């Protein structure tokens, strides 16, 4: 494994979204052999129901929401009561730049209590009020989709028979919070005319390396050979077929139980590289990797299998749900592969995370892709204005929808380049997306910033581009 590149210290997601560097990246590594290539499957995009034709919050509720956002209030402050549905009002300011359906999404991260709940151990009522406040924010911002993280670290935000309750609810892994967060979220999102996509992390087990800190009956403790410590964290080993089957079982349980509109993964497959450390999968490679030219090809094959098999499971248990992935924004640099993007990122998903994201689009194993294009227009190593057209070309002629992941969390951060101190930067992103009809929407990271509205940048996006609510693509 090649030496890693430092992760962006300003990024709130744990060990995610490394900063691009001038490193040209590793040499080209061959893909799986022709004999191992899975059969092509075509999946159409479907959507559950149609969004209600409601506008932003009106009257006192709207004023309260704007005041909380201006003050940077934490989620839950001045929350609308659980179960309340925002009243419709006339759209304020601006006109929607695209009448056609598009995704306007918002991630709600639960890992480390980033967006919700605001702290561990809150009572059920307060957790519900905070969650409904975030859903109401989505309505105020004229969004139509929320992506809720329900399996952050081999745990669950629903009563799972496979894995323990998440510690981010009660403060203690395995402790029943006394309510069903995922079931409540689906119900409340649909009541507001929002789609709810369930966001899972397949392989991350813990943000530490001590198995004794997991519940006594945790699958990672009962099957220690499934687990690899790496970079200060514990991961399930993607090279173990039993692991791959188990994590699919755990995720499929939620898909079967709840009327989710989508199944969503982020950018964690094999972990981001850490300098000086080796991900120890020697035993699995010796046992299962004999048909591959090298370890990298075998690892990519393991990830391909996870994606293809999970897509088939989603189609079997909930045919109208869509399956999507939000990878790191660079597949490969052009210096590594002439088919790659004109970037100089220090991390490439194909080579470093063993995730051939472009293949998943071409094979149409996924219904949508949300590359995390978390850089500003003109950023030398990974220019937003170059990556969006590159991704548009990848989905052209396929049935896969392209939505662009947006880094609202960078706005106003003094550690970020000057472009992020400009409240118009994000609105310019959507101007550029409009020039590429393959772009069918944008998803915002993440909910806390959508509430806070740093520099008023979110309000500008809404005024310039979200003049009225629209449905997601069918």
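Nothing in this text is a laboratory measurement; each read-out follows from the coordinates by a stated rule. Computed from a prediction, not measured in an experiment: that's the story for all the values here. Every residue, glycine as well, gets a Cβ built from its backbone with ideal geometry; the counts of neighbours run over all protein chains shown.
One decimal place: the segment residue 172-residue 291 gains 38.5 nm when fully extended, by the rule 0.36 nm per residue minus the C-alpha distance. Extending 7 Å from the Cα toward the beta-carbon at both residue 424 and residue 112 defines two label points whose distance is 3.4 nm. Remark: the residue 225-residue 126 segment gains 31.7 nm on full extension, using 0.36 nm per residue and subtracting the alpha carbon distance. P(r) tail for the stretch 119-231: Cα pairs beyond 26 Å make up 25% of the total. Neighbour counts of other Cβ atoms within 10 Å put 448, 386, 415 in the fewest-to-most order 415, 386, 448.
The order of 228, 103, going from fewest to most other C-beta atoms within 10 Å of their C-beta, is 228, 103.
Dividing the mean sequence gap of close Cα pairs (under 8 Å, 6+ apart) by how many residues the stretch 341-474 holds gives a relative contact order of 23 percent. Quick check: from the Cα gyration tensor, does the stretch 243-346 come out rounded (a/c under 1.5), prolate or oblate? Note, shape of the stretch 243-346 comes out oblate. If R0 is 41 Å, what FRET efficiency do you get for residue 431 and residue 339 from their C-beta distance, rounded to 0.05? For R0 = 41 Å, the calculated efficiency reads 0.90.
Legend: ranking of residues 366, 377 from fewest to most surrounding C-beta atoms inside 10 Å; resulting order 377, 366.
With just the Cα atoms defining each centre, how far is the stretch 287-363 from the stretch 159-227? Give it in Å. A separation of 25 Å, based on Cα centres. Spacing of the modelled spin labels on residue 317 and residue 377, each 7 Å from Cα toward Cβ, amounts to 4.3 nm. Between residue 100 and residue 249, the simple spin-label model (points 7 angstrom out along Cα→Cβ) gives 4.3 nm. Eigenvalues of the alpha-carbon gyration tensor of the stretch 234-303, scaled by 5 and square-rooted, set the equivalent ellipsoid semi-axes at 27, 15, 11 angstrom, largest first.
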